[in-house]
Amino acid sequence: MFRFGEPTYLYLLLVLPVLAILFFYANYERKKRLRRYGDPKLMAHLMPTVSKYRPSIKFWLTFAALTMIIFTMARPQFGSKMETVKRQGVEAVVALDISNSMMAQDVTPSRLEKSKKLISRLVETFNNDKVAMIVFAGEAFTQLPITSDYVSAKMFLETINPSLITTQGTDIRSAIDLAMKSFTPNDGVGRAIVLITDGENHEGGAMEAAQAAAEKGVRIFVLGVGTSDGAPIPVEGTNEFRRDKDGNIVVSRLNEQMCQEVAQAGNGIYIRVDNTNSAEKTLNAEINKLAKADVETQVFTEYDEQFQVLAWLALILLAIDTMMLERKNPLFKNIKLFKQE
């Protein structure tokens with residue numbers, strides 16, 4: 001199995017396209033300035049030592065070396081030994097509402113971002129537990145299959161945004177049904193569905209799905225995000241808010257009654273998410289009450305570091321870059337003239 005020991009450093013890769021754009025822009029400006037002085041072909045004869053290609057080659061050598069260095073810092077690793085281990089834990093499937101209404105900002109910084117932070121801190125408290133992630137709006141799909149890899153869970157969590165699902169709405173029934181299919185077949189494991197939503201259910205069947213889950217021993221904890229006063233829904237990339245067909249600003253409000261009913265039907269509890277950490281503490285306490293059983297898990301127990309190869313590649317590229325001159329070597333020119341004589 002391949003992984004990065006320090007995946008946070010991979011964000012530095014975002015700098016590389018910026019460097020490439022700046023390089024192309026600098027080249028464009030340099031050529032434009034040269035054309036002001038005269039014909040490019042004539043200028044090339046007047047500057048015989050100036051190389052047309054070497055500056056570009058040197059840049060791309062440095063660019064490639066920098067890429068290798070970033071991957072080196074992220075510590076690529078390959079799993080070398082797999083073992084079956086028994087752990088005591090529970091299984092939790094997080095079903096996160098990513099409909100447009102979750103962008104409302106009556107909870108700081110927004111309902112969705114607050115929910116993602118809560119999930120991240122929840123995963124940090126897990127020990128020998130398994131977690132899966134489902135996102136839903138007008139439909140539901142699995143963002144992360146059930147796993148004990150908490151690093152991957154947090155990485156997948158960062159990528160969640162409303163654009164993942166084009167069908168708008170809030171289909172809680174589909175989310176619960178999909179969550180029920182996400183658990184492992186292990187017996188005696190405490191199972192919970194953590195449903196995070198603002199309660200604006202646009203489809204039916206949520207209560208029936210929750211009751212069916214409870215009958216199979218799965219508890220549903222519903223986290224309601226938002227306020228009863230509500231807030232307008234921002235339009236991404238603008239300072240505007242979403243409007244209805246009559247041009248009025250749409251105000252999204254937390255539907256606590258619906259959230260409470262789903263939690264009750266699912267033999268769980270309803271937890272209100274506000275700008276404090278009380279929801280997180282309550283949820284952790286409830287999950288810790290679930291029955292824990294021995295769960296067999298296939299895990300890599302040893303990882304071999306692979307950064308050495310990338311480090312050597314970066315060193316070789318930088319060495320070539322250092323030895324290569326931006327201008328043509330006069331020695332080669334003299335050799336050429338000598339041969340002509």
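The values are calculated or read from the model by the stated rules, or taken from the named source; none is laboratory data. All of these numbers come straight from a predicted model, not from anything done at the bench. Positions of Cβ are backbone-derived with ideal geometry, glycine not excepted, and every protein chain shown enters the neighbour counts. Protein only, heavy atoms only, side chains kept; ligands, DNA and RNA dropped before computing areas. Shrake-Rupley method; radii C 1.70, N 1.55, O 1.52, S 1.80 Å.
Tabulated values for the structure
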{"item": "Residue match in the stretch 195-204 (condition: exposed (fewer than 15 other Cβ atoms within 10 Å of the Cβ), at pLDDT below 95 and touching a strand residue (DSSP E or B) at 6+ places or on another chain (Cβ under 9 Å))", "result": "no"}
{"item": "The lone exception for residue 208 - which of (1) charged (D, E, K, R); (2) within 16 Å of the chain's Cα centre (by Cα); (3) farther than 23 Å from residue 281 by Cα it fails", "result": "(2)"}
{"item": "Considering residues of the stretch 178-234 that are in contact with a helix residue (DSSP H, G or I) (Cβ under 8 Å, 6 or more places away or on another chain) and of a type in the set (Ser, Thr, Tyr) only, the residue nearest to residue 116 (Cα to Cα)", "result": "197"}
{"item": "Residues of the stretch 122-135 satisfying the condition of being modelled with pLDDT of 95 or more and not β-branched (Val, Ile, Thr)", "result": "132, 133"}
{"item": "Condition check for residue 304: modelled with pLDDT of 60 or more, more than 30 Å from residue 57 (Cα to Cα) and assigned to a strand (DSSP E or B)", "result": "yes"}
{"item": "Residues that are out of contact with any helix residue (DSSP H, G or I) (no Cβ under 7 Å at 6 or more places or on another chain), surrounded by 12 or more Cβ atoms within 10 Å (Cβ to Cβ) and among the hydroxyl-bearing types (Ser, Thr, Tyr), drawn from the stretch 270-290", "result": "278, 282"}
{"item": "Qualifying residue in the stretch 255-269 (condition: in contact with a Phe, Trp or Tyr (Cβ under 9 Å, 6 or more places away or on another chain), open to solvent by 80 Å² or more (accessible area, probe 1.4 Å), modelled with pLDDT of 65 or more and closer than 30 Å to residue 216 by Cβ)", "result": "yes"}
{"item": "Matching residues in the stretch 164-181 - criterion: being open to solvent by less than 50 Å² (accessible area, probe 1.4 Å), under 16 Å from residue 212 (Cβ atoms) and assigned to a loop (DSSP other than H, G, I, E, B)", "result": "171"}
{"item": "Residue 244, sole failed condition from (1) over 22 Å from residue 112 (Cβ atoms); (2) without any contact (Cβ under 8 Å) to a residue 12 or more places away in the chain", "result": "(1)"}
{"item": "Filter result for residue 161 (within 29 Å of residue 5 (Cβ to Cβ), of a type outside the set (Lys, Arg) and open to solvent by 20 Å² or more (accessible area, probe 1.4 Å))", "result": "yes"}
{"item": "Total residues in the stretch 88-125, condition more than 19 Å from the chain's Cα centre (by Cα) and closer than 16 Å to residue 154 by Cβ", "result": "2"}
{"item": "Residues of the stretch 123-142 satisfying the condition of being of a type in the set (D, E, K, R) and under 16 Å from residue 96 (Cβ atoms)", "result": "139"}
{"item": "Residue 184 vs. criteria more than 25 Å from residue 286 (Cα to Cα), open to solvent by less than 40 Å² (accessible area, probe 1.4 Å) and within 28 Å of the chain's Cα centre (by Cα)", "result": "no"}
{"item": "Breaking point among (1) at pLDDT 75 or above; (2) of a type in the set (A, V, I, L, M, F, W, C); (3) in a loop (DSSP other than H, G, I, E, B), for residue 291", "result": "(1)"}
{"item": "Selected residue [closer than 29 Å to residue 180 by Cβ and in a strand (DSSP E or B)] from 222, 262", "result": "222"}
{"item": "Counted residues, the stretch 205-219 - those being open to solvent by 30 Å² or more (accessible area, probe 1.4 Å) and not in a strand (DSSP E or B)", "result": "7"}
{"item": "Search result, residues across the stretch 97-111 that are of a type outside the set (Asp, Glu) and farther than 14 Å from residue 200 by Cα", "result": "105, 107, 108, 109, 110"}
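Residue-by-condition table, conditions (1) under 25 Å from the mean Cα position of the chain (by Cα); (2) at pLDDT 90 or above; (3) open to solvent by 30 Å² or more (accessible area, probe 1.4 Å):
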| site | (1), (2), (3) |
| --- | --- |
| 14 | yes, yes, yes |
| 24 | no, yes, yes |
| 79 | yes, no, no |
| 85 | no, no, yes |
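To keep it simple, each residue is scored yes or no on (1) in a strand (DSSP E or B); (2) within 25 Å of residue 233 (Cβ to Cβ); (3) in contact with a Ser or Thr (Cβ under 7 Å, 6 or more places away or on another chain); (4) open to solvent by 60 Å² or more (accessible area, probe 1.4 Å).
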residue: 108; (1), (2), (3), (4): no, yes, no, yes
residue: 113; (1), (2), (3), (4): no, yes, no, yes
residue: 121; (1), (2), (3), (4): no, no, no, yes
residue: 128; (1), (2), (3), (4): no, no, no, no
residue: 146; (1), (2), (3), (4): yes, no, yes, no
residue: 155; (1), (2), (3), (4): no, no, no, yes
